[in-house]
Amino acid sequence: MTTDQGPIYYFCTRQHAYTVGVMLGYYDHGLGDLVRIIPYEHMARLGPVAPGTFIFTDFERLSAARLQAAISLHRRIGSLNPDLLLLNSPAIVPRRFDLLKRLKAAGLNHFDVHRLEDRKAIHRFPIFVRWESQHEPPVTGLIDSADGLERAIASLPARIRSDPDLMIVEYGAAPSADGRFRKYSAYKVGPTVYPQHCFINESWYIKFPGTRFSEADRAESRAYVAQNPHAAQIERVFALAGIDYGRIDYGIVDGQVQTFEINSNPTVLARPPGWEAGADYSRYAQMHAQALRGIMRPASGPNLLLGDGSMSVDAVHADAMRTVRWRVAGFSLRWRLSLRALKKRLARIFGHG
């Protein structure tokens, strides 16, 4: 039996391989060939793989047929070698709506969610409408009444308001003492829970830090990362969700974690080093790499044949990384062109001044 560490196999959709691919391809973390991205699109073609750790993600982006294939593969791996570590069972990880319902029923969230067809029973306002499976801003702003909800839904295009992916969310945030809102984000990687950031914004819906993100705000975020103050509550949420790998986004209301969502395929890093002058994101790569090392296990047992053998695991990973590089190159080109256009506009303005 060898004592070498087995690889980590990361299952996700090909289009969203960048979530870990940027970290793997552009940052110095020492993991080298020990993490392999396997897009679901290629899992049926996969050749033999060495025993290792398997992480399943991205369930909300899978068709029903592909989700069933992921469930079957997860079970097959477990039957071939019961000693392997498998994170996130596709058969039990809830989607956003079911997760939030579960948290409300358990008393861990104060706010509830509803389907559009059940909106007549809503008595708690304000509310807003958003997509269940997409990681996009809400479809509406905050709505204060049942009549307002009806008007908001009627104003949506027919193809949108009839989409079963829409859901109604009761407002569950609250401003801090300074009048601003805080969104906390923390990762769970097997037994490790580590905080990544605290974003502070004037708006209740937070995707990024506000424009007034000061040095004091940065210090607050660094203290949050260092102290991990909500670890015990976060563990309870992940345990209730049955999620072993993912990122929780949450707020704090009356001292209690209020979970907005758990993303099973969260972005570790979106941009390569040097993208933004003066910004060093390598610490995020190091934090995640350290957590990944914590789930690596000594390789033991024979190789596992998981597909028809027409693509090696290295070829599958290389294909995923090509999509990552294309994405980064595309962003880089658009960024350079936008800067070039800005410089031309400024030159015209000051040239005629």
Search segment 24-44 for residues that are at pLDDT 95 or above and pair each with any residue that is among the basic types (Lys, Arg) when their beta-carbon atoms are under 6 Å apart and the residues are at least 6 apart or on different chains.
39/14; 40/66; 41/14
Within segment 61-76, does at least one residue satisfy the condition of being under 19 Å from residue 242 (Cα atoms), among the β-branched types (Val, Ile, Thr) and in contact with a strand residue (DSSP E or B) (Cβ under 7 Å, 6 or more places away or on another chain)?
no
Working carefully through the options 234, 200, 206, find the one that is in a loop (DSSP other than H, G, I, E, B), among the aliphatic types (A, V, I, L, M) and surrounded by 18 or more Cβ atoms within 10 Å (Cβ to Cβ).
206
Candidate set from segment 51-75 (those that are more than 13 Å from residue 87 (Cβ to Cβ) and among the hydroxyl-bearing types (Ser, Thr, Tyr)); member that is surrounded by the most Cβ atoms within 10 Å (Cβ to Cβ)
72
Could you please let me know if residue 55 is in contact (Cβ under 8 Å) with a residue 60 or more places away in the chain and within 24 Å of residue 331 (Cβ to Cβ)?
no
Right, residue 237: touching a His at 6+ places or on another chain (Cβ under 7 Å) and on the phi < 0 side of the Ramachandran plot or not?
no
For residue 260, work out the one condition from (1) surrounded by fewer than 16 Cβ atoms within 10 Å (Cβ to Cβ); (2) closer than 14 Å to residue 172 by Cβ it doesn't fulfil.
(1)
Positions within segment 187-218 being in contact with a strand residue (DSSP E or B) (Cβ under 8 Å, 6 or more places away or on another chain) and closer than 30 Å to residue 297 by Cβ, in sequence order:
187, 188, 189, 190, 193, 194, 195, 196, 197
I need a count of the residues in segment 10-56 that are within 19 Å of residue 68 (Cβ to Cβ) and aromatic (Phe, Trp, Tyr).
4
Of (1) buried (at least 18 other Cβ atoms within 10 Å of the Cβ); (2) assigned to a helix (DSSP H, G or I); (3) of a type in the set (Gly, Ala, Ser), residue 246 satisfies every one except (2)
Tell me, please, whether a residue that is among the acidic types (Asp, Glu), within 30 Å of residue 8 (Cβ to Cβ) and either part of a loop (DSSP other than H, G, I, E, B) or in contact with a Leu (Cβ under 7 Å, 6 or more places away or on another chain) (or both) can be found in segment 127-137.
yes
Across segment 79-88, which residue is nearest to residue 64 (Cα to Cα) among those that are crowded, with 17+ Cβ neighbours inside 10 Å and more than 16 Å from the chain's Cα centre (by Cα)?
86
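Okay, residues lined up against (1) surrounded by 19 or more Cβ atoms within 10 Å (Cβ to Cβ); (2) in the same structural domain as residue 23 (by TED's automatic domain parsing); (3) assigned to a strand (DSSP E or B); (4) not aromatic (Phe, Trp, Tyr):
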{"site": "226", "(1), (2), (3), (4)": "no, no, no, yes"}
{"site": "251", "(1), (2), (3), (4)": "yes, no, yes, yes"}
{"site": "269", "(1), (2), (3), (4)": "yes, no, no, yes"}
{"site": "300", "(1), (2), (3), (4)": "no, yes, no, yes"}
{"site": "314", "(1), (2), (3), (4)": "no, yes, no, yes"}
{"site": "319", "(1), (2), (3), (4)": "no, yes, no, yes"}
{"site": "325", "(1), (2), (3), (4)": "no, yes, no, yes"}
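The values are calculated or read from the model by the stated rules, or taken from the named source; none is laboratory data. Just so we're clear, the structure is a prediction, and the values are computed from it rather than from any experiment. Using ideal geometry, Cβ is built from the backbone for each residue, glycine included, and neighbour counts are taken over all protein chains shown.
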